[in-house]
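Taking it in order: structure first as structure tokens, then the write-up.
The values are calculated or read from the model by the stated rules, or taken from the named source; none is laboratory data. All values derive from a computational prediction rather than experimental measurement. Methodologically, a virtual Cβ is constructed for each residue, glycine included, from the backbone with ideal geometry; neighbour enumeration extends over all protein chains shown. Each accessible area value is taken on the protein alone, full model and side chains, heavy atoms only, with ligands, DNA and RNA left out. Shrake-Rupley method; radii C 1.70, N 1.55, O 1.52, S 1.80 Å.
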Amino acid sequence: MIFGKAKILRSHGWQYIPDLYSVTLTEEFRGFPLLSDTEDKSDIERAAAICPTKAITTEPLTLDMGRCLFCGECAKCAPRNIRFTNEHRLAATRREDLVVKVGDPAPKFDMSVVRPEISKYFGRALQLREVSAGGDASIEMELGATGNVNFDFGRYGVGFTASPRHADGLVLTGPISQNMAEALDICYNSIAEPKVLIVCGSEAISGGLYADSPAVDRSFLDKYHVDLWLPGAPTHPLCFIEGVTKLRSTKK
Amino acid sequence: MKLYHITNNTAAAVAIADIPVVDYVELYNDLKERMKDGNYHVAHYFATEISEGLKFYIILLNDANGEVLISSFVPDYYAEGLASLTALHPQFHPFEREIHELYGVPFDSHPWLKPLRFSHDRRNKNSSMDTYPFYTIEGDELHEVNVGPIHAGIIEPGAFRFICSGEQVLHLEIALGYQHRGVEGEMLRENNSLRRVVISESVAGDTAVGHATAYAELIEKLGDKRVDEDLYLERMIGLELERMAMHIADTGALATDIGFQLYQVACEALRTVTINTTQAWCGNRFGKSLIRPFGTNHPLTAAKCELIRKNVADVRRRYAELRRDMLEDPTLLARFEQCGLVPHVEMQRIGGVGQAARASALCRDIRKSHPSGYYATKLSHEPITKQDGDVMSRLMMRLDEVWQSADYILRTLESYQPKGELSAPDYFAPLHADSLSFSLVEGWRGEICHVALTDDKGQIAKYKIKDPSLHNWLGLAIAVRSEGISDFPINNKSFNLSYCGHDL
Ligand code: SF4
């Protein structure tokens, strides 16, 4: 028995990623999109028409990462106009910064709007309460993965906690189903001030595929200030880790 | 009179005109007897609005010979109500409850006619999540434990109410619906096949490949285009990779709940390798974007085949070490054996499917009974079953199925020469008019069933989705009866059912 366990240990070796901030994902990963204009608009129009979440505008050409599910179909329709890079660091502090315009070279993370108390109070430890309100389970699994043996975000003092009373902030996933709207509100209000609100995943940011569904109720987001927006379907663990790290950093 | 149209899971869509419209009483009498035969179970049963009121469709599966039986009826239900089938065969309960919730159809002598998921378009707007009619038992020695909707971990919401005597659970009732997003309605909002397949991927994000395959197969049955054999092969690899990843995740979750950190972290690492393989193939760790109707944007190349082969072989080797050690560990066995029993007869009565059913010696596996695609032509699948129906059996299912899935992938890739290109997806293919199309796919949790009805112009007019969780949630409630309440977590993990797949 003890030999069996020793064998498992040896087979697995070191699993943690030593530097979480310098990882480059596989070429296939669809992250930050690069946009370029062309005279001929027909490709872009086809892409905008087929996009399942209406994330693309044609005049001028923009792509809203807060709506995008990174399905990649628009890049197939309009390869000259839209190209997805494997840049996974997509976090933004303002909703409008998620809208990518022609020529934007990289995601925008505007430090100037980050509240100074975040680094002051949560710079060393940040415990979060996750609430899934219509999330499809993939994003919840990715958030769970941030604490696993590979990413081990806990080494920087960030983790998830069961009780909102113990939490410093809330991570919202899912388009906010009507049937969860009240529980979400109660949970958020049970967290003591000061607190952070992180909106994780394109479904949570814009409603995604369910933006117009009569079964969702997005009034929660009209009421409260959001500190961090994390696109993706689901958000990659490293996108979450990088965004939260920047949010807590003291460098302005 | 003919009661059913008989077809199978590889045939083209059925013309609605070919489906007999029968008298409900006759159908009821037939089902009363027929469903006593364990080879039959109900795959779907729903109502749809037509000008004369409601038309009901029922789809039965015969596991013994691969037949799919479809029937329909247009009852005068307001006048007399419908005799409930649930009273005889509990496996009908979610379907009758859904029909009742949406349209107010009365079902006579239904023992448990409670709201199913509090759909936004439910008939009775006065019923809400807060007024769910929980079952109660009176008694001085009893207490209730309420859990949820928000749970301790990073998981989806659902409300569990336990009635306990001391530490012992007498009864558990599970109230769901918190995750209801209106999926079936959104499938119809736009006539955009890309949007529909992406919605399918989000029905249950941990089963993205399974549900997207169900959508793709359903649409392909409605079109005339031939689908490349290689596409079926590549879909099989996607499905089996998903099964491996989730079974490994569940193995780790079970280890977590008994405080076994070594197994937990080993499984986390192995799952990472598996889903990163899927990511290296299609760009998404959950296989979103991999499956598309009539084609694919991510055909396998020789290099990708090699990568999959290498990683799957590595995962299989390391998982086998884990498996060997787990089966020898007395503390693990002491927690899992004889805990959370669901006997074969109970599983059968509630219509259980997938690996949870197979753990109770109920051999339900679409890959065997109603295979389609690669499973129908090239791979003769032999399902794994276990006898005891306890947490250990459900763990053993995972331990063995990971091995089996890895084996299918490795064997297939050994001889596969990828062309490196396959036809691109087609989102605009014309569909047969006035037809009913269904698909059955064995996802990692079990039987996924999608059904669509088209109108006279070949547009999709109705779309119904069934995740295997719809059948199996009742299994969890039965498993924890008379167990200590502290054993609930391991029982829950041993089923690992989908909330969003149930709530839609
Ligand atoms: S990748 Fe994003 S923007 Fe492009 S079609 Fe898909 S969802 Fe729309």
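Could you identify the single residue in B:Val203, B:Val169 that is at the interface with another protein chain (Cβ under 8 Å from one of its Cβ atoms), in contact with a strand residue (DSSP E or B) (Cβ under 8 Å, 6 or more places away or on another chain) and among the aliphatic types (A, V, I, L, M)? I'd like the intermediate steps shown before the answer.
Working: B:Val169 fails: at the interface with another protein chain (Cβ under 8 Å from one of its Cβ atoms).
The unique qualifying residue is B:Val203.
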Contact list, first residue from the range A:231-242 and at negative phi and of a type in the set (S, T, N, Q), second anywhere and within 14 Å of the ligand (Cβ to nearest atom) and in a loop (DSSP other than H, G, I, E, B), beta-carbon distance below 7 Å, six or more apart or interchain, is A:Thr235/A:Gly201
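Against the definition (within 24 Å of B:Asp365 (Cα to Cα) and either open to solvent by 60 Å² or more (accessible area, probe 1.4 Å) or hydrophobic (A, V, I, L, M, F, W, C) (or both)), how does B:Thr86 come out, yes or no? Steps first, please.
On the way: within 24 Å of B:Asp365 (Cα to Cα): yes; either open to solvent by 60 Å² or more (accessible area, probe 1.4 Å) or hydrophobic (A, V, I, L, M, F, W, C) (or both): no.
No, not satisfied.
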I'd like to verify a number: residues in the range A:95-106 that are within 16 Å of the ligand (Cβ to nearest atom) and surrounded by fewer than 16 Cβ atoms within 10 Å (Cβ to Cβ), how many? 2
Residues that are of a type in the set (Ser, Thr, Tyr) and under 20 Å from B:Leu54 (Cα atoms), drawn from the range B:4-26: B:Tyr4, B:Tyr24
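Can A:Arg30 be described as within 11 Å of the ligand (Cβ to nearest atom), of a type in the set (Lys, Arg), modelled with pLDDT of 90 or more and open to solvent by less than 60 Å² (accessible area, probe 1.4 Å)?
Values: within 11 Å of the ligand (Cβ to nearest atom): yes; of a type in the set (Lys, Arg): yes; modelled with pLDDT of 90 or more: yes; open to solvent by less than 60 Å² (accessible area, probe 1.4 Å): yes.
The answer is yes for A:Arg30.
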Of B:Arg285, B:Arg292, B:Arg318, which residue is within 12 Å of another protein chain (Cβ to nearest Cβ) and without any contact (Cβ under 8 Å) to a residue 12 or more places away in the chain? B:Arg285
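Give, as residue ranges, the helices (runs of 4 or more DSSP H) completely inside the range B:183-231 that count at least 1 residues that are of a type in the set (Lys, Arg), within 16 Å of the ligand (Cβ to nearest atom) and over 17 Å from B:His432 (Cα atoms).
Values: elements: B:183-189, B:193-203, B:208-222.
In the range B:183-231, the matching helices (runs of 4 or more DSSP H) lie at B:183-189, B:193-203.
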What pairs come out if I take residues in the range B:125-137 that are farther than 17 Å from B:Leu113 by Cβ and pair them with residues that are hydroxyl-bearing (Ser, Thr, Tyr) whose C-beta lies under 7 Å away, six or more apart or interchain? B:Met129/B:Tyr178
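Look at B:Glu173 and say whether it is surrounded by fewer than 20 Cβ atoms within 10 Å (Cβ to Cβ), under 22 Å from the mean Cα position of the chain (by Cα) and part of a strand (DSSP E or B).
Values: surrounded by fewer than 20 Cβ atoms within 10 Å (Cβ to Cβ): yes; under 22 Å from the mean Cα position of the chain (by Cα): yes; part of a strand (DSSP E or B): yes.
Judged against the criteria, B:Glu173 is a match.
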Output for the range A:1-27, where each listed residue is buried (at least 18 other Cβ atoms within 10 Å of the Cβ) and either more than 30 Å from B:Met326 (Cα to Cα) or among the polar types (S, T, N, Q) (or both): A:Leu20, A:Leu25
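Give the range A:70-85 a look and list any residue that's near the ligand (Cβ under 10 Å from one of its atoms) and of a type in the set (Lys, Arg), or say none. Break it down into steps so the answer makes sense when it comes.
Initial filter on the range A:70-85 (near the ligand (Cβ under 10 Å from one of its atoms)): A:70-78, A:82, A:84.
If the condition is that a residue be near the ligand (Cβ under 10 Å from one of its atoms) and of a type in the set (Lys, Arg), then A:Lys76 is the only one that fits.
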Matching strands (runs of 3 or more DSSP E) fully within the range A:140-252 where at least 3 residues are away from the ligand (no atom under 16 Å from the Cβ) and open to solvent by less than 30 Å² (accessible area, probe 1.4 Å): A:169-173, A:196-200
Please determine, by comparing only the residues of the range A:33-69 that are among the basic types (Lys, Arg) and more than 10 Å from the ligand (Cβ to nearest atom), which one is most open to solvent (accessible area, probe 1.4 Å). A:Arg46
Among the residues of the range B:234-255, what is the count of those that are open to solvent by 10 Å² or more (accessible area, probe 1.4 Å) and at the interface with chain A (Cβ under 10 Å from one of its Cβ atoms)? 2
If I ask for residues that are more than 21 Å from B:Tyr40 (Cβ to Cβ) and without any contact (Cβ under 8 Å) to a residue 60 or more places away in the chain, which ones from the range B:345-390 would you list? B:Ser380, B:Glu382, B:Ile384, B:Lys386, B:Gln387, B:Asp388, B:Asp390
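What do you reckon, is B:Tyr103 touching a strand residue (DSSP E or B) at 6+ places or on another chain (Cβ under 9 Å), open to solvent by 10 Å² or more (accessible area, probe 1.4 Å), within 14 Å of another protein chain (Cβ to nearest Cβ) and aromatic (Phe, Trp, Tyr)?
Working: touching a strand residue (DSSP E or B) at 6+ places or on another chain (Cβ under 9 Å): yes; open to solvent by 10 Å² or more (accessible area, probe 1.4 Å): yes; within 14 Å of another protein chain (Cβ to nearest Cβ): no; aromatic (Phe, Trp, Tyr): yes.
Answer is no for this residue.
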With the condition kept exactly as written, say whether any residue in the range B:58-71 is over 22 Å from B:Pro468 (Cβ atoms) and at pLDDT below 90. no
Looking at this structure, is B:Asn276 over 25 Å from the mean Cα position of the chain (by Cα) and under 30 Å from B:Glu201 (Cα atoms)? no
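Answer yes or no as to whether A:Ala92 is among the aliphatic types (A, V, I, L, M), touching a residue at least 60 places away in the same chain (Cβ under 8 Å), away from the ligand (no atom under 13 Å from the Cβ) and away from chain B (no Cβ under 13 Å).
In short, yes.
Please pick out the residue among B:Arg117, B:Arg123 that is out of contact with any strand residue (DSSP E or B) (no Cβ under 6 Å at 6 or more places or on another chain), in a loop (DSSP other than H, G, I, E, B), basic (Lys, Arg) and under 30 Å from A:Phe160 (Cβ atoms). Talk me through it step by step, then tell me what you get.
Values: B:Arg123 fails: under 30 Å from A:Phe160 (Cβ atoms).
When all the criteria are applied, what remains is B:Arg117.
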In the range A:207-225, what residues are among the small types (Gly, Ala, Ser) and within 17 Å of B:Ser202 (Cβ to Cβ)? A:Gly207, A:Gly208, A:Ala211, A:Ser213, A:Ala215
Out of everything in the range B:449-504 that is touching a His at 6+ places or on another chain (Cβ under 7 Å), closer than 18 Å to B:Asp206 by Cα and of a type in the set (A, V, I, L, M, F, W, C), what residue ends up being farthest from the other protein chains (Cβ to nearest Cβ)? B:Cys449
Output for the range B:174-221, where each listed residue is small (Gly, Ala, Ser) and out of contact with any Pro (no Cβ under 8 Å at 6 or more places or on another chain): B:Ala175, B:Ser200, B:Ser202, B:Ala204, B:Ala208, B:Gly210, B:Ala212, B:Ala214
Scan (1) more than 12 Å from chain B (Cβ to nearest Cβ); (2) not in a helix (DSSP H, G or I) for the single condition A:Glu117 breaks and write down its number. (2)
Given (1) within 16 Å of the ligand (Cβ to nearest atom); (2) among the aromatic types (Phe, Trp, Tyr); (3) away from chain B (no Cβ under 14 Å), where does A:Phe109 come up short, assuming only one miss? (1)
Does A:Val100 satisfy being more than 10 Å from chain B (Cβ to nearest Cβ) and of a type in the set (Val, Ile, Thr)? yes
In the range A:120-135, which residues are in contact with a Ser or Thr (Cβ under 9 Å, 6 or more places away or on another chain), open to solvent by 10 Å² or more (accessible area, probe 1.4 Å) and not in a helix (DSSP H, G or I)? A:Gly123, A:Gln127
